[in-house]
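Shown next, in structure tokens, is the structure this report addresses.
The values are calculated or read from the model by the stated rules, or taken from the named source; none is laboratory data. Here the structure is a predicted model, which is why all the values come from computation and not from measurement. Here the Cβ is made from the backbone with ideal geometry for all residues, glycine too, and neighbour counts use every protein chain on show.
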């Protein structure tokens, strides 16, 4: 029937009939194996015993589901990668895994074991989910708040300011420029402390004096609470 403009399918094995006029703008399918009503791009609703796919004003809203024991997977998207919410459930154990991306504001994911990670500011993570290289090598360049929890080991990483102390050397200016791009390797002992502010050591000596390279370090390093004794620099 003048495919792909008009076509008719009668699948007796899967027990459904389908009309396409023309595909993919208008599709109507009825039967035990497949039910579809599509008026693209206004709306669509399609489902089978294991699959489900819906959209409204494509690509504004899109929903997909796959159910095949022990996997039950749901995904909701708005404008492709602008917002994505993926949930996977093990129907045998009841354990769930979830990942939420809202580009470029944040990314959040929780594993089956309960470990979770929240990152504020996510540039590439929504496009390349579960890419460990991006999280390890590039996320520190643009993220300014990260929190990780692991209920199995009891581990928890508190967010800290993305500032790094540098020594007063000839390249101090360059290091000060790069400091906001790398995380500060310190541990915070105070539970409620969320940020640490680091002051750069001062420098004395000018001209061609023999003591030109001498430096004077100041003890002006402070935290929001607890003072210098509440944290240690590794």
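Structural remarks
- Here residue 117 meets each of (1) more than 23 Å from residue 145 (Cβ to Cβ); (2) part of a strand (DSSP E or B); (3) in contact (Cβ under 8 Å) with a residue 24 or more places away in the chain with one exception, condition (1).
- When the range 100-114 is filtered for residues that are farther than 11 Å from residue 143 by Cβ and either in contact (Cβ under 8 Å) with a residue 60 or more places away in the chain or assigned to a strand (DSSP E or B) (or both), the ones remaining, listed by number, are 100, 101, 102, 108, 109, 110.
- Only a single criterion out of (1) under 30 Å from residue 14 (Cβ atoms); (2) in contact with a strand residue (DSSP E or B) (Cβ under 9 Å, 6 or more places away or on another chain); (3) outside the structural domain of residue 9 (by TED's automatic domain parsing); (4) not in a strand (DSSP E or B) is not satisfied by residue 41, namely (3).
- Put simply, of 93, 76, 36 the only residue that is out of contact with any helix residue (DSSP H, G or I) (no Cβ under 9 Å at 6 or more places or on another chain) and in a loop (DSSP other than H, G, I, E, B) is 93.
- Single residue of the range 49-70 satisfying the filter (in a strand (DSSP E or B) and out of contact with any strand residue (DSSP E or B) (no Cβ under 7 Å at 6 or more places or on another chain)) that is surrounded by the most Cβ atoms within 10 Å (Cβ to Cβ): 67
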